[in-house]
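This report concerns only the one structure given below.
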Amino acid sequence: MAERHDPYVSLRNPNFRWYVASLVAVTLGTQIQATVVAWQVYALTKDPLSLGIVGLAEALPFIGAALYAGHVADRHNRKTLSLVAIGVQMLCGFALLALTLRSDLFLAGRVWPIYGVVGMSGLARSFFQPARTALGADIVPRETYANAVTWRSSLWQFAAVVGPALGGVIYGFSGPRLAYIFESVLCAIALGLFARIAYTRHPVVAGEGSIGENLTIGMRFLLTQPELLGAQVLDLFSVLFGGAPALLPIFSSEILHIGPQGLGILRAAPAAGAVIVSVLLLHRRLRNAGPTLFLCVGGFGACWILFALSHSFWLSLALLLISGMLDNVSVVIRSTLLTLRAPQHMLGRVSAVNQIFIGSSNEIGSFESGVAAKLLGTVRSVIFGGIMTLGVVGVTAWKLPPLRKLDVLD
């Protein structure tokens, strides 16, 4: 019990330190890419739908390969799979750099080459997510899972604070070329750090059936866990409708008039809020997890409604900061439940189902935001999404009493 409340127990594990250091580096790189691609695509097209297509281009391979990626993560070496995925992400950075250097040849009047590279990045992430999530559970004792998940989330959010801001600043002062160089270098650093992890391949459980059965076992397990399933569904629909980060270039350019530097700050604000609340979660044991989850997701939707109505940079920044604080509580609850409830030998496949929910909400949500903005207008589409989020919270709380009654994460 003393270890349970030691906020630094996971960081005393050297393998976990290499793991989270690599995660920070690769997240910085991918966040820089996301910020620069969004601004570059909108600068080339001036079409909100093109921003939605960026999300769709990443989501289709990310979600389409998820179940198979989870199967591979449970049947093969999780460290090797993670290293290959990070290497592909690094090559995507080089590809975007090459497209930008010869924009007169590759990007003259079209942006589909950028969509192609983003799609390859999504495929790499599809294999990286279940492999690194399952490996993260392999290298720490089970009794410290909750602490490790909170640290992993906190440091990921820290990188998500710095990455967009860094990408916006580099783009604003030096253009996309230097930003893509930064991304590639950070991914190379992540490769070196991840390679330092001392990892022995987990034993493969024999007799688990055909590959078809293995591809669906994660979903079948999830259906036996009403609290975990409810948390996944709540995250799926709340972020699908309630968040509109894909539209931030429009708010930055046409409503708040703050340019790419301001876009980087806005994109970093939710993650900054998540870091703040992560520090609190590290030092306190979360109770009343179910009611807290519903309150935070409802508050998340309300923040986006107010953000859509704001014409003040500072008010918009504050609302995004608060939305990140509320959203991270949901992330920690969902991730901790996933790690504690899923058997070790099938954690990759269960994590793959989780990434389908996350990919659907984030990347497909970006596409939904772009389509809604095209049809309703930017401001009205975000207000509509926030109202839908509040509705999802109400229906989920009504239909899933076990999640509503969830107390301590154990």
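The values are calculated or read from the model by the stated rules, or taken from the named source; none is laboratory data. All values reported here derive from a predicted model rather than from experimental measurement. As a convention, Cβ positions derive from the backbone with ideal geometry for all residues, glycine included, and neighbour counts pool all protein chains shown.
In table form, for the structure just shown:
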item: Checklist (1) buried (at least 19 other Cβ atoms within 10 Å of the Cβ); (2) in contact with a Leu (Cβ under 6 Å, 6 or more places away or on another chain) applied to Gly70, failing item; result: (2)
item: Some residue of the stretch 27-35 being modelled with pLDDT of 85 or more, in contact with a Lys or Arg (Cβ under 9 Å, 6 or more places away or on another chain), closer than 30 Å to Val382 by Cα and not small (Gly, Ala, Ser); result: yes
item: Any hit, the stretch 111-130, residues being assigned to a loop (DSSP other than H, G, I, E, B) and either modelled with pLDDT of 90 or more or surrounded by 19 or more Cβ atoms within 10 Å (Cβ to Cβ) (or both); result: yes
item: Matching entry among Ser121, Ser174, Ser126 (being more than 17 Å from the chain's Cα centre (by Cα) and not hydrophobic (A, V, I, L, M, F, W, C)); result: Ser174
item: Filter result for Ala308 (at pLDDT 75 or above, of a type in the set (Gly, Ala, Ser) and closer than 12 Å to Leu240 by Cα); result: no
item: Any chance Val24 is out of contact with any Pro (no Cβ under 6 Å at 6 or more places or on another chain) and either closer than 13 Å to Arg125 by Cβ or not in a helix (DSSP H, G or I) (or both); result: no
item: Inter-residue pairs, beta-carbon under 8 Å, first at negative phi and in the stretch 273-293, second among the aliphatic types (A, V, I, L, M) and surrounded by fewer than 18 Cβ atoms within 10 Å (Cβ to Cβ), 6+ apart; result: Arg285/Val408; Leu286/Val408; Arg287/Val408; Ala289/Val408
item: Every residue from the stretch 34-92 that is under 16 Å from the mean Cα position of the chain (by Cα) and of a type in the set (Lys, Arg); result: none
item: Selection status of Val379, among the β-branched types (Val, Ile, Thr) and either over 22 Å from Ser316 (Cα atoms) or modelled with pLDDT under 80 (or both); result: no
item: Filter result (part of a helix (DSSP H, G or I) and surrounded by fewer than 23 Cβ atoms within 10 Å (Cβ to Cβ)) within the stretch 251-268; result: Ser253, Glu254, Ile255, Gly259, Gln261, Gly262, Ile265
item: Filter result for the condition that a residue is surrounded by 17 or more Cβ atoms within 10 Å (Cβ to Cβ) and farther than 30 Å from Ala65 by Cα, over Leu320, Leu337; result: Leu320
item: Residue in the stretch 271-285 that is outside any helix (DSSP H, G or I) and more than 30 Å from Ala373 (Cβ to Cβ) present; result: yes
item: Breaking point among (1) within 17 Å of Ile356 (Cα to Cα); (2) at pLDDT 85 or above; (3) touching a Ser or Thr at 6+ places or on another chain (Cβ under 6 Å), for Gly55; result: (2)
item: Options Leu96, Leu105, Leu83, Leu91: the member that is modelled with pLDDT under 85 and not acidic (Asp, Glu); result: Leu105
item: Residues of the stretch 28-71 satisfying the condition of being outside any helix (DSSP H, G or I) and of a type outside the set (D, E, K, R); result: Ala65
item: Single residue of the stretch 129-141 satisfying the filter (more than 13 Å from Leu23 (Cα to Cα) and in contact (Cβ under 8 Å) with a residue 40 or more places away in the chain) that is nearest to the chain's Cα centre (by Cα); result: Pro130
